[in-house]
Structure formats: structure tokens, C-alpha cells
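Take a look at the structure set out below.
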Amino acid sequence: MTAPDQPFVTLKLATSLDGCIALEDGQSKWITGPEARAEVHRLRASHDGLLTGVGTVLADDPQMTVRTGSRSLIHQPWRIVLDTHLRIPREAAILKGRRTWIFHGPEAAACSLKAHCTPVCLDREGHVDLIEVLSVLKARGLASIMIEAGARLAGAALKSGCVNQIEWFRAPTIIGADGSACVAALGLETLQQAPTFRRIRLRECGDDLWETYQRG
């Protein structure tokens, strides 16, 4: 169930078969194939907003746009960045155009990015409070959000219980201990505390697998 004051939240993951998103040195581009990437663009177009963290922006400089099909028919969702200390560069690709919001801590100075910025409270760890952000987005009319981010934000979303659905693309590649996990530590003390989802769909997507999970 989605909380009444929050949008429906999808977490998108693209990993190796063993759940890694990159080598430890950060090499990650195109871990999945072209068919999976095309499906991700269609998933983006079906959501009202795409949410990521400033770490992903600094590492990859993503556009976070829909780039498939007829331009006249493409729905471009809002792009949302969580950036506690406003580290995002003014020239970041995600800031091009008007459909971008940056959520930051109350002490950060908005400066030249003021048009994009919204201050929110911090959580117990001193980061932008994800649940508060989701409430603000729902109040602004966004009914569905897809998270495309690194391990820390993915972990925070799962830990908070806000994720309703997971769209997981797995490449037929094993990275092992040389890789970085797709989800950061959740602080679990028992297996019973682990977030639980049920798989509702499994498809081949080119050479990759595409799994869809809903919260149990």
C-alpha cells in the first residue's frame, strides 16, 4: 500500500547477475544491453518524476530524460535530485531545461540554483529526509516516482519502506567481490527485518533478465 501523502515509488536497478552495479573503481556504463536500456526509457516515461542523488550526478552527469520514440509523444518526467549540501555543478546535464527540482538541507545556500531548489529537513543521519521529499512531491501533483540512483539512496529507500515496486534488470555477468553492491547496508540485525518483496513478472530482455517485484 502507498501512504496517502506519498507517490507510488518504483526502484529501478540495473546490475550484474550477482547484484553489482559497477567495479569498485566505478566502471559501470552499459552493464545491461540495449533492449534493457530501451525498456528503462519506457519506464521513465510512465512515471511523473525520476529521483536520484547528487552522488550519481557527480559521478555520471546523467540527463535523466526519456529518449525513445516520437519526440512529439514523449512524456518528460520531472527530474529530482537529493543534494544535502548543494554540491551539484551549475553545468550539470540534469539542470538543462526547467523540469528539475533539487532538494537540499536548510543550511545550504541556494545561490544561482534558486529556481530549482527546495529546502527540506534532514533525517537522523544528516541527509535530506526522503519521506519528507516524497510528501512534497505528492503535494506538487506527482503520483509516481522512479528512483534511479546509487547504492546509498537505494538502501535508504528500502530501509524507509517507501518502495512499492522494484524493476530489476540483470545482465548475464558475474562481477563478484570486485564489484559494488546495488544496495547499501540496511542495518539489519535479523533476517526477519529484511524488506520483503514478491516477484510478479519475469521476462527475457535481449540477453538480460527483467524482474518485477512488489512489496510483500
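Every number here is computed from the coordinates shown, using simple stated rules; none is lab data. Predicted, not measured: the structure shown is a model, and the values here were computed from it. Methodologically, a virtual Cβ is constructed for each residue, glycine included, from the backbone with ideal geometry; neighbour enumeration extends over all protein chains shown.
Of note:
- Peptide ranges 58-66, 125-133 listed from the most packed, as the mean C-beta count within 10 angstrom indicates: 125-133, 58-66
- Each pair of Cα atoms in region 81-216 enters the Kirkwood radius, and Stokes-Einstein at 25 °C and 0.890 mPa s then converts it into a translational diffusion coefficient of 142 µm²/s.
- Region 62-148 - Debye-derived log10 I(q)/I(0), Cα point model, q = 0.15, 0.23 Å⁻¹: -0.59, -1.24
- Translational diffusion of region 1-120 was estimated from the Stokes-Einstein equation, with Rh taken as the Kirkwood radius over Cα pairs; at 37 °C and 0.692 mPa s the coefficient is 206 µm²/s.
- A helix-only calculation puts the chain at -5500 deg cm²/dmol for mean residue ellipticity at 222 nm, using -39500 (n - 2.57) for each DSSP H run of at least four residues, averaged over all residues.
- Compactness index (Cα Rg / 2.2 N^0.38 Å), region 42-111: 1.16
- Rounded to whole numbers, the Karplus 3J(HN,Hα) couplings from phi for region 172-188 are x, 10, 10, 9, x, 6, 7, x, 10, 5, 7, 10, 6, 4, 9, x, 6 Hz, using 6.51 cos²θ - 1.76 cosθ + 1.60 with θ = phi - 60°, and x at Gly and Pro.
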